[in-house]
Amino acid sequence: MRRTDQRRAAVVALYQADLNRRSPRDVLDPAARTFTRELVQGVEFWREEIDELIERHAVGWTLDRIAPLERNILRVALFEVLHRPDVPAEVAIDEAIEAAQELCGADAPGFLNGILGAVHRERVGSA
């Protein structure tokens, strides 16, 4: 299974958990691949940091106003950008934008790109 598909599976699990107010591990498919599990667990572990970054860079938006699917695409991408040195930031961002193009409304890709780009620039600037 391609990493793109595994990212989508992680987003779906996180989205379902978000909507049902359950732990992502409770909704994750038991047959999920290792990379999918690592993404879900990483987002779960770093969620406070990730959500703070989303809120700080989503100018004029609170976290709860961002559509749940978009919010979880952002979470997966930011986890990869910040905590997966094996994934180039550009790849994580591109994958998130592609997912938003396929799964979300017309404005979502630009919105996500703005947040992800701002976080990435901030991270590169402080390195």
Take Leu63 and tell me if it is within 21 Å of Ala108 (Cβ to Cβ) and among the hydrophobic types (A, V, I, L, M, F, W, C). yes
Which condition breaks for Glu70 when tested against (1) in contact with a His (Cβ under 9 Å, 6 or more places away or on another chain); (2) surrounded by 16 or more Cβ atoms within 10 Å (Cβ to Cβ); (3) among the acidic types (Asp, Glu)? (1)
One residue from Phe35, Phe111, Phe45 being out of contact with any Pro (no Cβ under 7 Å at 6 or more places or on another chain), at negative phi, exposed (fewer than 14 other Cβ atoms within 10 Å of the Cβ) and not charged (D, E, K, R): Phe45
Which residue out of Arg25, Arg56 is surrounded by 12 or more Cβ atoms within 10 Å (Cβ to Cβ), free of Cβ contacts under 8 Å to residues at least 24 places away in the same chain, within 20 Å of Leu112 (Cβ to Cβ) and of a type in the set (D, E, K, R)? Arg56
Can you name the helices (runs of 4 or more DSSP H) wholly within region 1-88 that have at least 1 residues being within 21 Å of Ala100 (Cα to Cα) and of a type in the set (Asp, Glu)? 3-20, 34-57, 68-83
Determine the pairs where a residue that is closer than 15 Å to Val43 by Cα and touching a residue at least 24 places away in the same chain (Cβ under 8 Å), located within region 78-95, has a partner that is in a loop (DSSP other than H, G, I, E, B) and β-branched (Val, Ile, Thr) with Cβ atoms under 6 Å apart, the partner being 6 or more residues away or on another chain. Glu80/Val87
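Readers should treat all values here as calculations from the given coordinates under stated rules, not as data from a laboratory. The model shown is predicted, which means the values in this text are computed figures rather than measured ones. Cβ: placed from backbone, ideal geometry, glycine included. Neighbour counts: every protein chain shown.
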